[in-house]
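For reference, the structure is listed below as structure tokens.
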Amino acid sequence: MASLNVGSLGEYIREQRRNAQYSLRQLAEAAGVSNPYLSQIERGLRKPSAEILQQIAKALRISAETLYVQAGILEERRQEGLELRASILADPLINDQQKQALLAVYEAFLKENAARRTPTAEAEADTSTTTSTTFATRTTTDGPAA
């Protein structure tokens, strides 16, 4: 994933806030963050979490995915799975390590499916299919007895 560019993120948030005709205080209140914290984000001094970005996006009535891309949390892609990635990153019930693990599994499945669609990558797809099949077999075999 790309590195977080807090300076341009802050500038982007400030621009969106001004377009929405919010004062700094109004946006801070609407997003549920402190006025000084939002000011520090806008000036590029603080690195907001995915959850804070989601709150800011909701208050600005823009997509959280847009802020995630601006922050470098998500790579810009066609809408393929963007909402799922954003939901995982914004989930407050799981920690960052768990979020990264879920995203890694999702990416692996996407690569596997893409490999199946390209005839030249059949050998690669066969290898990853074996791994997935082994995992699925273990999961169903080790599951509770009916």
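Before moving on, here are some points about what is shown:
- FRET efficiency for the N113 to S63 pair, using the beta carbon distance and R₀ = 22 Å, is estimated at 0.35.
- Normalised per residue, the volume of the convex hull around the Cα set of the range 33-101 (Å³): 95
We did not get these values from a lab; they are worked out from the coordinates using the rules stated. Quick caveat: nothing in here was measured; it's all calculated off a predicted structure. Here Cβ is always computed from backbone atoms with ideal geometry, including for glycine, and neighbour counts include all displayed protein chains.
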